[in-house]
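K.L.:
Below is one structure. I have some questions about it.
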Amino acid sequence: MTGEEASTDGEFALSFTVRNTGGREGVEVVQLYLHDPVASVVQPVQRLIGYGRVPLGPGGSRRLSVTVPADLASFTGLDGRRVVEPGELELRLSAASDAPRLTARVRLTGPVRYLDHTRRLHAEFR
């Protein structure tokens, strides 16, 4: 991970390696979940915010990175507007929602920010 902190208008970058430990070709679907335990409005335990398909040969591996805009932590506030709040978050990478393989604890800093039409709501897998 390139930074454990980002501003409410910034982004996080994660890097990780996916391996095929089997003897056959396959495709792993890497899922990225967000957990926000401190939001001012009750949130789901976690929500899917991105995914990437990774084809791998037998015994193969691939280094991936994902860019996560802070806008993906937004939610509808009490006043009906989309908002990004500062605070602690968890980004969870997994192959299934109930079995995270990597958890990154990160922090959003800065002021509460309300989103407009320029919001970025897609994680980029590369």
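The numbers here are math on the coordinates, done by the rules we state, and not lab data. Keep in mind the model is a prediction, meaning the values are calculated, not measured. Cβ coordinates were reconstructed from backbone atoms using ideal geometry, including for glycine residues, and neighbour counts include every protein chain displayed.
K.L.:
Gain in length, ARG19 to GLU90, computed as 0.36 nm per residue apart minus the alpha-carbon separation, to one decimal in nm?
P.N.:
23.3 nm
K.L.:
What do you get when you divide the Cα radius of gyration of the chain by 2.2 N^0.38 Å, with N the number of residues?
P.N.:
Normalised Cα radius of gyration, the chain: 1.13.
K.L.:
Counting Lys +1, Arg +1, Asp -1, Glu -1, what net charge surrounds TYR51 among other residues with beta carbon under 13 Å of its beta carbon?
P.N.:
Spelling it out: positives minus negatives among the neighbours equals +1.
K.L.:
Sum up the charges of everything whose Cβ sits under 14 Å from the Cβ of ASP116, counting Lys and Arg as +1 and Asp and Glu as -1, but leave ASP116 out.
P.N.:
+3
K.L.:
Here is a further query. Given labels modelled 7 Å from the Cα in the Cβ direction, how far is it in nm from LEU64 to VAL27?
P.N.:
It works out to 1.2 nm between the two label points.
K.L.:
Could you go through region 63-79 in sequence order and give the Karplus-derived ³J(HN,Hα) for each residue, using 6.51 cos²θ - 1.76 cosθ + 1.60 with θ = phi - 60°, rounded to whole Hz, and x for Gly and Pro?
P.N.:
Result, rounded to whole Hz: 8, 10, 9, 9, 9, 10, x, 4, 4, 5, 8, 6, 8, 7, x, 4, 8.
K.L.:
For region 5-125, what is the charge dipole size about the Cα centre, in debye to the nearest 20, if Lys and Arg each add +1 at the Cβ and Asp and Glu each add -1 at the Cβ?
P.N.:
I would put it at about 400 debye.
K.L.:
Related question: For GLY60, what charge total do you get from the other residues with a beta carbon under 12 Å from its beta carbon, if Lys and Arg give +1 and Asp and Glu give -1?
P.N.:
Every neighbour counted, the sum reads +2.
K.L.:
While we're looking at this one, here's another question. Using Cα-Cα distances under 8 Å and only pairs 6 or more residues apart, what relative contact order does the chain have, in percent?
P.N.:
Dividing the mean separation by the residue count of the chain yields 33 percent.
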